[in-house]
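J.: Before we start, here is the structure in question, set down as structure tokens.
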Amino acid sequence: MSLEDLATELVEFIAGHLQLSRHLNAFCQTNRRFYAMFNERLYRRDVQGRRRALTWGAWKGILPTVERALKQGADVNVVNNHVVDDCDYKLYAEETPIFMAVRNRDFDVVRLLLSKGADVHRRNRRGDNIVICAVSTGDIDMVRLVLAEGVDVNSHQNGDVPPLLLAARRGYTEIVKALLDQGAKVGDKDSWGETPLQVAVTGGQHDILKIFLDRHFIRDEPMGDIGADALEVAIVRKDFLTLKLLLEGGANPLAKRRTGYNAIISAILSRQEDMAIFMTEALENIPEVKDRVGKGLLWYAANGNCEGYAKYLLDRNVDPNTDIWQPLTGAMYGASCKLVEMLLDRGADIEFKDEMGRTPLKVALEEGGETTRKEVVSLLVRRGASLRKAKLNAEQKTYVERCLTCGH
């Protein structure tokens, strides 16, 4: 006589003496008759004991298993304390079934768990909440499903990666919009101090950046510091599109950073002349734009040998003569002969004295770069620079004579 032909009483007797759940589970799988007789008992025993069925069902995405476990009274918020030799399963240590179902993008299981009262406000061992798990899937529908439960999108712990930051970093545009609609903060930082806006700017995430800008996160910022920092990053990265988007979004190119420089000066220092011109286009009173010590845009253009930008400023009628920090003097530190001649042609005072009483000729001799000094000195003398007013020493006079003799 086979096991399946035994009388029901005997089968019940045998099952009653199976102490381990795995043995009863194996008994259930012997045939359909035993399955129908003992499967519910197996789930009841699990609920009263180690409570693995619900966790296992959520982990594997097996809806019938989840349904049966809940039907037998399993705690929908049971915490997984069972770590097996499976690297994926270890990820779920100390998590409730809802975390597993969300990560698996198992909508049916998620909806069932939510309907049974799954706690969407708790955290796992790493401090993650359910929102960050949903965002990590990249599935906008899963994110919306979780957000519909009223989870606070800003409830992450200090130092954790904010959900909005993760979405921006991965380029999830629709998820970014959904999180912003629920009040996610653009200024939230991770443990490295990085914000979602910084991620969009430094990563060239133009679509994400446009979302932030369309919501006036820079335009409504009172001090202008955020926009100024963002413009600086765009300049360093030579990202013209990001620069353009930032300006359209309200970033102020005249806002000074901690260095005392505004974005236009930073562009000049980085030799990004096209960017400097683009930011200057909308300015009406260019001569008033100065750094904290009074150096103007034309001084920086001359000092940085930015011929194109210097010509642009001169064509916009910027006066090459100032009360202090004369552009021609700034050009003596290494600018090309062409740029120096450009300033002289526009009326730059060839005998202007700097704060140390030095004329441009004197500055060129003392500070000029090796590659351009001879040509610049020769040009200044040919254009009428006075050796007497320059108060040259013997060595400097000899140098000038040598320049002229050599035909420079």
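J.: Which of Cys337, Cys133 comes first, and how do the rest follow, when ranked by fewest Cβ neighbours within 10 Å?
T.: Ranking Cys337, Cys133 by Cβ neighbours within 10 Å, fewest first, gives Cys337, Cys133.
J.: Show which lysines lie in cross-link reach of Lys244 when reach means a straight Cα distance below 17 angstrom and same-chain residues fewer than eight apart are skipped.
T.: Lys210
J.: Under a straight-distance cross-link criterion of Cα-Cα below 16 Å, which aspartates and glutamates are reachable from Lys311, leaving out those fewer than 8 residues away in the same chain?
T.: Within reach: Glu273, Asp274, Glu281, Asp319, Glu341, Asp345.
J.: How much of the calculated P(r) for the range 282-408 lies past 19 Å, in percent of all Cα pairs?
T.: It works out to 44 percent of all Cα pairs.
J.: To continue, here is another question. In nm, to one decimal, how far is the modelled label at Ile62 from the one at Glu307, with both set 7 Å along Cα→Cβ?
T.: The two pseudo-label positions are separated by 7.7 nm.
J.: Further question on the same structure: Exposure proxy check: Phe212, Phe278, Phe217 ranked by fewest other beta carbons within 10 Å?
T.: Ascending number of Cβ neighbours within 10 Å: Phe278, Phe217, Phe212.
J.: Over the residues of the range 194-283, compute the C-alpha Rg and express it relative to 2.2 N^0.38 Å.
T.: 0.96
J.: Right, next: At most 10 other Cβ atoms within 10 Å and a DSSP loop assignment: could you name the GluC sites (Glu not before Pro) in the range 370-402 that fit?
T.: Glu370
J.: Run the simple label-point estimate for Asp323 and Asp349 please: 7 Å along Cα→C-beta, distance reported in nm.
T.: Placing both labels 7 Å along Cα→Cβ, they lie 1.2 nm apart.
J.: Additional query: Run the simple label-point estimate for Arg316 and Asn154 please: 7 Å along Cα→C-beta, distance reported in nm.
T.: So the label points at Arg316 and Asn154 sit 3.8 nm apart.
J.: Beyond 27 Å between alpha-carbons counts as too far, so tell me which of Lys290/Lys397; Lys338/Lys362; Lys338/Lys391 fall in that bin.
T.: From Lys290/Lys397; Lys338/Lys362; Lys338/Lys391, over 27 Å: Lys290/Lys397.
J.: Continuing with this model, one more query. Return Arg122, Arg169, Arg258 ranked ascending by Cβ neighbour count within 10 Å, so the fewest neighbours appear first.
T.: Arg258, Arg122, Arg169
Every read-out reported here was derived from the displayed coordinates using simple, explicitly stated rules and does not represent laboratory data. All values derive from a computational prediction rather than experimental measurement. Note: ideal-geometry Cβ built from the backbone for every residue, glycine included; neighbour counts use all protein chains shown.
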